[in-house]
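Here the structure comes first, spelled out in structure tokens, and everything after it is commentary.
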Amino acid sequence: MALLIVRLGLAAVFYAHSAQQLLGWFGGNGPQATVKGWSERYGLPVWLCWVGIFTEFIGSFSMVLGLFTQVFAFGLTVFMAVAIWKAHWNNGFFLARKAGEGNGIEFCLMLILMALAILIGGPGPVSLDWLMGWA
């Protein structure tokens with residue numbers, strides 16, 4: 001049951017953020033602005049920005065269903081590692097900083113650790129991967 005809780009926590013966070021990026025929901029800018037911003041700000045190729053958005057979006061559903069869970073746990077880990085490297089590392093550890101200074105790595109680090117728990121521990125028995133005999 002613990003792995004299900006971790007999966008659902010990852011799903012909630014990644015769904016909310018990817019819906020901002022892909023759908024423009026929850027006050028997000030939508031896909032064009034997100035891809036343009038990431039590409040210009042962080043020097044990432046446009047195709048890689050799209051891979052990141054879809055990894056987050058599809059990965060959130062993967063975590064809920066427990067389907068292809070470890071594949072997407074790996075993808076989410078890589079996505080957040082790139083986020084730390086490109087966007088958060090120079091802002092220090094702590095998430096809460098002064099307005100306009102950017103966020104540190106702690107939130108991204110927690111998401112990485114949660115995804116690694118799924119990658120290493122598997123999806124758990126409450127998952128489609130388990131039912132299919134893949135876990």
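Listing for the model above:
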read-out: Alpha carbon convex hull of the chain, volume per residue in cubic angstrom; value: 105
read-out: Rule-of-thumb Rg ratio for segment 37-108 [Cα; 2.2 N^0.38 Å; N residues]; value: 1.22
read-out: Linear extension gain, residue 48 paired with residue 32, 0.36 nm per residue minus alpha-carbon span; value: 4.4 nm
read-out: Förster-model FRET efficiency, 22 Å R0, residue 132 and residue 71, C-beta, rounded to 0.05; value: 0.95
read-out: Charged-residue dipole, Cβ positions (Lys, Arg, Asp, Glu), the chain about Cα centre, Debye nearest 20; value: 200
read-out: Positive-end extreme of charge dipole, the chain - chosen from 91, 54, 15 (charges on Cβ); value: 91
read-out: Crossing angle, helix 46-65 versus the chain [Cα axis fit, 0-90 degrees, rounded to tens]; value: 40
read-out: Principal-axis tilt of helix 106-121 within the chain, Cα atoms, nearest 10 degrees; value: 20
read-out: Unit charges at the beta carbon, dipole of segment 2-131: most positive-side option, 68, 25, 116; value: 25
read-out: Extension gain (nm, one decimal) between residue 116 and residue 82, 0.36 nm per residue minus Cα-Cα; value: 10.7 nm
read-out: Residue-averaged [θ]222 nm for the chain, counting only DSSP H segments that reach four residues, each worth -39500 (n - 2.57); value: -21500 deg cm²/dmol
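Values in this text are rule-based calculations from the coordinates and carry no lab data. Just so it is clear, the model here is predicted, and its values are computed rather than measured. Cβ: placed from backbone, ideal geometry, glycine included. Neighbour counts: every protein chain shown.
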